[in-house]
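Asks: Below are the structure tokens for one structure; questions will follow.
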Amino acid sequence: MITTTDESLLAAANEARQNAYADYSGFLVGAALLTTDGTIVTGCNVENASYGLSICAERTAVVRAIAMGYTQFNSIAVVASPLATPCGACRQFVVEFGEEIDVICADANDLSRFRKWKIADLIPESINRSNLP
Ligand code: THU
């Protein structure tokens with residue numbers, strides 16, 4: 001199996017960033033989700049004239065992955081410029097699939113200087129399946 005490094009996942013996120021549909025904010029974001037079987041599923045932010053219907057790159061990647069049949073993830077890389085960490089909605093969306101998922105963020109102009117967290121550290125005490133009846 002090919003091992004995906006943090007650097008190569010960031011490179012995939014950066015490539016996906018090229019497809020960002022973000023004329024309203026001008027803030028281009030790419031994401032790349034690594035499944036436990038080594039598949040990379042990418043996403044970009046998709047904005048809308050309504051503004052409120054815009055969706056972040058991270059949730060685009062997760063929704064694509066689920067639609068493709070994947071539910072187990074190791075990590076998600078996010079590339080923007082400057083570096084952006086996932087919004088609250090995206091943190092909740094990612095932690096749904098495991099508190100151990102790594103979140104790796106970098107500035108598009110310098111992918112080598114990335115930051116990395118566990119998703120549970122970005123959204124402590126999150127609601128999850130075990131809190132529900
Ligand atoms: N955005 C993302 O796609 N991911 C982030 O982590 C931060 C924000 C998008 C949402 C919106 O399209 C634009 O960036 C400005 O917030």
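Bear in mind these aren't lab numbers, they're just calculated from the coordinates by the rules spelled out. Note that the coordinates shown come from a computational prediction; the quantities given were computed from them, not determined experimentally. Positions of Cβ are backbone-derived with ideal geometry, glycine not excepted, and every protein chain shown enters the neighbour counts.
Asks: Under unit Cβ charges (Lys, Arg +1; Asp, Glu -1), what dipole magnitude, rounded to 20 debye, does the chain have relative to its Cα centre?
Replies: The calculated dipole for the chain is roughly 140 debye.
Asks: Moving on to the next point. Taking the range 58-133, which GluC sites (Glu not before Pro) meet the DSSP loop condition and have no more than 12 other C-beta atoms within 10 Å?
Replies: GLU100, GLU125
Asks: Tell me the net charge near ARG113. Cut-off is 13 Å between Cβ atoms, ARG113 excluded, with +1 for each Lys or Arg and -1 for each Asp or Glu. Before the final figure, lay out each step's value.
Replies: Working: positive: ARG115, LYS116; negative: ASP6, GLU7, ASP107, ASP110.
My count for the surroundings of ARG113 gives -2.
Asks: When DSSP assigns beta bridges and you keep just the ones with both residues in the range 65-133, what percent turn out antiparallel, to the nearest 5?
Replies: Around 45 percent of the beta bridges assigned by DSSP in the range 65-133 are antiparallel ones.
Asks: Another question, then. Among ILE66, ILE119, ILE101, whose mean-square fluctuation peaks in a Gaussian network model of the chain (Cα, cutoff 10 Å)?
Replies: Among ILE66, ILE119, ILE101, the largest mean-square fluctuation in the Gaussian network model of the chain belongs to ILE66.
Asks: Also, quick follow-up: Charges at C-beta only: +1 for Lys and Arg, -1 for Asp and Glu. How large is the resulting dipole of the range 83-133 about its Cα centre, in Debye rounded to 20?
Replies: 40
Asks: Still on this structure: Which percentage, to the nearest 5, of the DSSP beta bridges contained in the range 4-131 is antiparallel? Walk me through the intermediate numbers first.
Replies: On the way: 17 of 24 bridges.
Beta bridges within the range 4-131, antiparallel portion: roughly 70 percent.
Asks: I need the helices of the chain that pass two filters: whole DSSP H segments spanning 24 Å or more by Cα along the axis, and mean Kyte-Doolittle score no lower than -0.5.
Replies: Membrane-span-like by this rule: not one helix.
Asks: Sort all Cα-Cα distances of the chain into consecutive 10 angstrom bins from zero, then give the percent of pairs in each bin up to the one containing the longest distance.
Replies: Reading upward from the zero bin: 14, 46, 33, 7, 0.
Asks: Now a separate question. For labels at ASN128 and ALA89 in the simple 7 Å Cα→Cβ model, what's the distance in nm?
Replies: With each label point 7 Å from Cα toward Cβ, the separation is 2.3 nm.
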